[in-house]
Amino acid sequence: MPTNQPVYVGYSGGLDSSLLLHAVCDALDNQRVMAIHCHHGISPEADRWQKFCESQAQQLNIQLVVERLNFPDGFTEAQGRKARYKVFANHMQEGGLLLLGHHADDQAETVLFRLFRGTGTRGLAGIPAERVFARGTLIRPLIGRTKSELENMARAQAIEWIEDESNENQTFDRNFLRHRLLPVVQKRWPNAITSILRTADRLRQDVGLLDDFADELLVRVDFENKGAGDVLASINVEKVAALSKSQQSLLLRRFMSVSLGSIPEALNTDEVLSQFVLAKPDAEPFFPLGETELRRFHSRLFLLRTQEKVAPEQDRQWNGRAPLDLSGGTLSLAKGDPGDFTVRFRSGGERLKPEGRKHSQTLKKILQEYAVEPWIRDRIPLIYQDDQIIAVGDRIFCTEHRFEWVRK
């Protein structure tokens with residue numbers, strides 16, 4: 001393990017994370033190690049678990065960070081997992097290593113859980129032992145060890161841990177698999193967990209090959225990965241339509257994975273392909289994906305950050321000498337003399353005469369002609385001088401003035 005990166009350990013106080021934390025402290029300089037404990041606030045024992053983790057961290061002479069999480073009624077396993085990973089990401093420094101204590105039994109439960117949910121090849125490949133995460137790398141050093149092996153190791157080293165009573169609550173899907181299904185399976189097939197892990201390993205190899213092929217498809221459909229501003233990425237829909245249905249599905253999932261780092265749970269490939277690939281050329285379909293969304297404009301499918309509605313802004317008087325901060329971005333004068341400008345936003349009925357035109361036309365028609373994306377038409381600033389529009393953001397100009405508009 002590199003000697004200069006900070007190391008973070010997700011520490012619940014349970015068996016796996018306790019064994020992992022002790023192993024890390026035995027191997028590394030304690031000054032590099034930070035344990036992160038998430039206080040879910042759901043169990044009546046949560047405060048006691050926190051105190052246990054604090055006492056262990058003090059004995060090991062390492063830094064412990066405790067984050068208290070708040071959940072609405074109807075708490076789910078997925079909500080808890082998402083909240084924990086957000087906490088981990090917030091604490092990680094550039095190049096840091098996040099170690100989590102998932103073991104072989106967790107892997108088997110994950111594969112079965114995803115199988116029953118109807119997941120695809122990637123889901124059945126299970127939990128990766130290592131992957132890019134936040135600003136660093138997530139590693140699961142215990143993923144090849146069974147829970148019984150970990151218990152024997154912890155007892156041999158006299159390591160203390162706590163038992164979470166919620167692990168016995170079989171209303172949770174994973175607990176049901178752990179306590180009701182897997183024991184029956186293992187009674188008939190004692191090596192079931194090892195076999196499930198072997199299958200998951202083989203599927204991960206297959207996923208790697210599929211990713212390589214999907215990357216080739218991305219090149220064929222003119223993939224652009226911008227990663228900044230409101231547009232994260234885009235592909236050519238007409239070229240996607242030329243692919244087979246199975247290739248389209250594979251491509252769409254890879255498009256999401258490369259652009260976002262993961263595939264949104266809300267993604268329905270059949271519905272998206274139907275809406276965006278089979279749509280009429282002038283259609284402008286929309287598909288929400290939580291913090292992102294899909295839109296089609298002209299011949300391209302765009303992956304965008306979710307477009308929040310911008311509250312109407314009052315007219316802003318501006319001399320152009322310094323950047324103007326607006327709710328949708330920052331406006332700057334790039335060329336031309338400063339002056340008495342008024343900045344407004346589209347309200348309807350505006351007209352303008354772009355450079356080289358003899359007559360004015362409606363803003364609506366000009367926006368369409370200049371192919372200004374529909375999702376920014378109400379956000380793009382209109383710059384006036386002497387009650388005449390002289391520019392539409394950084395897209396359309398009516399005089400020698402030029403402006404830069406950096407969107408948030």
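The values are calculated or read from the model by the stated rules, or taken from the named source; none is laboratory data. Source: prediction; values computed, not measured. Every residue, glycine as well, gets a Cβ built from its backbone with ideal geometry; the counts of neighbours run over all protein chains shown. Keep in mind that these areas ignore ligands, DNA and RNA; they rest on the heavy atoms of the full protein, side chains included. Shrake-Rupley method; radii C 1.70, N 1.55, O 1.52, S 1.80 Å.
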Of the residues in the stretch 325-374 that are without any contact (Cβ under 8 Å) to a residue 24 or more places away in the chain and in a strand (DSSP E or B), the one that is nearest to the chain's Cα centre (by Cα) is ASP325
Name the single residue that is surrounded by the most Cβ atoms within 10 Å (Cβ to Cβ) among those in the stretch 67-100 being charged (D, E, K, R) and within 22 Å of PHE113 (Cβ to Cβ).
ARG84
If I filter the stretch 386-394 for residues that are surrounded by 14 or more Cβ atoms within 10 Å (Cβ to Cβ), at positive phi and part of a strand (DSSP E or B), do I get at least one hit?
no
Filter result for LEU64 (at pLDDT below 90 and surrounded by 15 or more Cβ atoms within 10 Å (Cβ to Cβ)):
no
The residue that is surrounded by the fewest Cβ atoms within 10 Å (Cβ to Cβ), considering only those in the stretch 101-143 that are within 24 Å of LEU260 (Cα to Cα) and small (Gly, Ala, Ser), is GLY118
Restricting to the stretch 23-49, name every residue that is more than 20 Å from GLY96 (Cβ to Cβ) and either in a loop (DSSP other than H, G, I, E, B) or in contact with a helix residue (DSSP H, G or I) (Cβ under 9 Å, 6 or more places away or on another chain) (or both).
HIS39, HIS40, GLY41, ILE42, SER43, PRO44, GLU45
How many residues does the stretch 27-36 contain that are under 21 Å from ARG68 (Cα atoms) and either open to solvent by 10 Å² or more (accessible area, probe 1.4 Å) or acidic (Asp, Glu) (or both)?
1
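What do you reckon, is ALA89 under 26 Å from ILE193 (Cα atoms) and part of a helix (DSSP H, G or I)?
Answer is no for this residue.
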With the checklist (1) open to solvent by 60 Å² or more (accessible area, probe 1.4 Å); (2) over 22 Å from the mean Cα position of the chain (by Cα) in hand, flag the one item LEU150 doesn't pass.
(1)
Considering GLU404, GLU400, which residue is out of contact with any Phe, Trp or Tyr (no Cβ under 7 Å at 6 or more places or on another chain), surrounded by 12 or more Cβ atoms within 10 Å (Cβ to Cβ) and touching a residue at least 40 places away in the same chain (Cβ under 8 Å)?
GLU404
Could you tell me which numbered condition SER43 fails, if it satisfies all but one of (1) among the polar types (S, T, N, Q); (2) at pLDDT 95 or above; (3) surrounded by fewer than 17 Cβ atoms within 10 Å (Cβ to Cβ); (4) within 29 Å of the chain's Cα centre (by Cα)?
(2)
What number goes with the only condition from (1) touching a Ser or Thr at 6+ places or on another chain (Cβ under 9 Å); (2) more than 30 Å from ALA266 (Cα to Cα) that ASP337 does not pass?
(1)
Could you tell me whether any residue of the stretch 18-26 is on the phi < 0 side of the Ramachandran plot, among the hydroxyl-bearing types (Ser, Thr, Tyr) and open to solvent by 50 Å² or more (accessible area, probe 1.4 Å)?
no
